[in-house]
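Okay, structure first, notes after.
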Amino acid sequence: MSKIHIYCSIVAIVFAGCKSTPKEKSTIVENITEKPSCCENIPDRFATNKQAKNDEMAWIEGGTFSMGGDDTQARDDEFPKHEVTVSGFYMDVHEVTNAQFLAFTDATGYITEAERKPDWEEIKKQLPPGTPKPDDSVLAPASLTFFAPNHPVNLNNNAAWWAWTLGANWRHPQGPDSSIEKKMNFPVVHVSWNDVMAYCKWAGKRLPTEAEWEFAARGGLIDKVYPWGNENIDTGKIKANSWQGQFPNINDEKDGFYTAAPVKTFPPNGYGLYDMAGNVWEWCSDTYHYDYYKTIKGASVNPKGPETSYDPNEPGVFKKVTRGGSFLCNSAYCSGYRVAARMKSSVDTGMEHTGFRCVKDK
Ligand SMILES: [Ca+2]
Ligand SMILES: [Ca+2]
């Protein structure tokens with residue numbers, strides 16, 4: 001998912017003719033190699049480390065594991081399974097909360113991307129030449145919020161449940177009339193990859209690599225589908241915050257939460273990590289490439305992801321990996337809470353169901 005995708009699918013009238021045309025892999029002549037400039041030149045004022053000392057982190061003893069899909073729901077980009085070794089690291093036991101993110105913005109004055117007016121000069125680089133500039137009412141601070149249609153929809157069209165909501169951002173997760181005032185222990189959302197990189201630098205931490213994230217999510221279990229083993233998420237005790245019922249129009253809320261839940265509501269995995277399945281998606285440091293696993297030769301030690309980005313659904317958009325699924329995932333749709341499931345989003349995109357957690361070296 002990316003801002004561009006939503007601009008194109010929701011604001012189609014404004015961008016008449018704007019269409020991201022999926023191409024066959026063989027016709028892709030070049031992938032995006034340009035790194036987003038904002039991740040390398042974060043101002044030094046963000047590089048303080050006062051808050052992080054009190055954060056709850058778990059030591060994850062490194063090891064070797066088999067990375068990739070373990071069941072029939074696994075998608076093509078999760079194969080082949082391959083051997084990966086990661087060194088030990090500390091990991092936040094829960095997703096970064098609104099309280100933690102507020103401490104960061106209070107200390108630094110940081111303004112997230114969703115709170116800024118979109119930069120037309122940047123956006124148009126990703127659009128067909130000659131695309132007209134939309135009205136200023138569209139190019140206003142906004143973010144992607146979930147809305148439930150009142151009828152079943154085609155699950156291939158995610159614009160059917162995502163809205164470009166003016167005034168939505170981490171302080172107002174469902175739009176300008178919503179608030180985080182009573183949600184300080186909820187995961188922060190509507191943060192882009194660029195935003196979370198700034199947080200990590202301030203906290204004296206970093207984002208996990210995709211391999212570290214999956215190793216940690218498995219919680220010491222071998223070749224299991226979920227952080228708790230192989231039992232289906234809807235069987236037995238409530239295991240995580242996901243979507244029960246018919247997605248996206250009917251949510252039975254058997255787990256007690258329609259959207260996000262306070263962190264640490266559900267049982268931790270074997271490493272003491274909460275919400276590695278569900279609640280909100282979590283950014284990783286790796287660039288996303290659909291075929292990345294297929295290019296890995298032999299044993300891999302502390303892999304940091306591919307150099308180039310490629311998503312067949314939005315070729316040309318530079319994306320980073322997200323992991324773990326969210327309150328919107330269910331067993332009939334994406335099962336994104338499987339430990340091997342991969343998702344991706346452009347670096348400037350924040351969404352109502354996407355947050356992060358940090359790691360730290362010894
Ligand atoms: Ca739920
Ligand atoms: Ca999560």
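What FRET efficiency comes out for Asp71 versus Glu307 if R0 is 45 angstrom and r is the Cβ-Cβ distance? Round to the nearest 0.05.
Efficiency computed from Cβ-Cβ geometry: 0.90.
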*Quick one: if you stick a label point 7 Å off each Cα along the C-beta vector at Thr85 and Lys133, how many nm between them?*
5.5
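Is the shape of the chain best called rounded, prolate or oblate, per the rule: a/c under 1.5 gives rounded, else a/b larger than b/c gives prolate, else oblate, with a ≥ b ≥ c the square roots of the Cα gyration tensor eigenvalues?
Rounded shape, in that the Cα axes give a/c under 1.5.
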*Can you tell me which of 274-285, 341-352, 296-307, 157-168 comes out highest on packing, and rank the rest after it, using the mean Cβ neighbours within 10 Å?*
274-285, 341-352, 157-168, 296-307
*Tensor-based shape of segment 114-189 (alpha-carbon gyration tensor, a/c under 1.5 rounded, otherwise prolate or oblate)*: oblate
_Mean Cβ neighbour count within 10 Å, used as a protection proxy, ranking 212-221, 177-186 highest first_ = 212-221, 177-186
_Mean Cβ count within 10 Å, highest first, over the residues of peptides 103-114, 83-94, 144-155_ = 83-94, 103-114, 144-155
*Could you tell me which of rounded, prolate or oblate describes segment 305-354, using a ≥ b ≥ c as the square roots of the eigenvalues of the alpha-carbon gyration tensor, with rounded for a/c under 1.5 and, failing that, prolate when a/b is larger than b/c and oblate otherwise?*
prolate
*Find how many whole Å separate the alpha carbon centroid of segment 131-179 from the alpha carbon centroid of segment 248-298.*
22
*So which of Lys205/Lys304; Lys224/Lys304; Lys297/Lys362; Lys201/Lys360 end up more than 20 Å apart, counting from Cα to Cα?*
Lys224/Lys304; Lys297/Lys362
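Given an 8 Å cut-off on Cα distances and at least 6 residues of separation, report the relative contact order of the chain as a percent.
Reported as a whole number, the value is 26 percent.
Just so you know, all these numbers are worked out from the coordinates, no wet-lab data involved. Computed from a predicted structure; not experimentally measured. Cβ sites come from the backbone with ideal geometry, for glycine too, and all protein chains shown count toward neighbours.
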